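The values are calculated or read from the model by the stated rules, or taken from the named source; none is laboratory data. Because the structure is a prediction, the values reported are computed rather than measured. When we count neighbours, we look across all protein chains shown, and the Cβ atoms used for this are built from the backbone with ideal geometry, even at glycine.
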Amino acid sequence: MEPVTFEVAPGVTAIDTFMGGRERYTAAYLVTANQPTLVETGPGTSVEPVARALDALGIAPDALAHIVLTHIHLDHAGGVARSPPGSRTPPCGSTNAARSIWRIRRAW
């Protein structure tokens, strides 16, 4: 499956997460800046599509400075348990979100 990306605002690119195998149903967002930031990861099944899209956009997984989650629902944060291969970027959000994320990662 080819990556699907599109600009939604200057410096913000939507990355299709292909949740449930459906195109243009949910998205992660790449904010390009001095510190590239991924907003949302999508569900756990979205790790590969998001990683392929980041690669197509010229962003290596270890180049991500931040992964930001808006809230802890699996369609938004499920992929954090399986960060893109090569990524050592810890996710960030509220303190409660961070605790939940690290519990998810340990359980994985």
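In the range 49-73, which residue that is surrounded by fewer than 16 Cβ atoms within 10 Å (Cβ to Cβ) and part of a helix (DSSP H, G or I) is modelled with the lowest pLDDT? Selected residue: D62. Based on this model, can you work out whether T41 counts as part of a loop (DSSP other than H, G, I, E, B) and touching a residue at least 24 places away in the same chain (Cβ under 8 Å)? Judged against the criteria, T41 is a match. In the range 39-48, which residue that is more than 12 Å from Y29 (Cβ to Cβ) and among the polar types (S, T, N, Q) is modelled with the lowest pLDDT? Checking each candidate, the answer is T45.
Of the residues A97, A27, which single one is of a type in the set (A, V, I, L, M, F, W, C) and modelled with pLDDT under 80? Within the list A97, A27, the selection yields A97.
Restricting attention to the range 1-21 and to residues that are under 17 Å from V47 (Cα atoms) and in a loop (DSSP other than H, G, I, E, B), the residue that is modelled with the lowest pLDDT turns out to be M1. In this structure, T32 qualifies as farther than 21 Å from I72 by Cβ and either touching a residue at least 60 places away in the same chain (Cβ under 8 Å) or more than 13 Å from the chain's Cα centre (by Cα) (or both).
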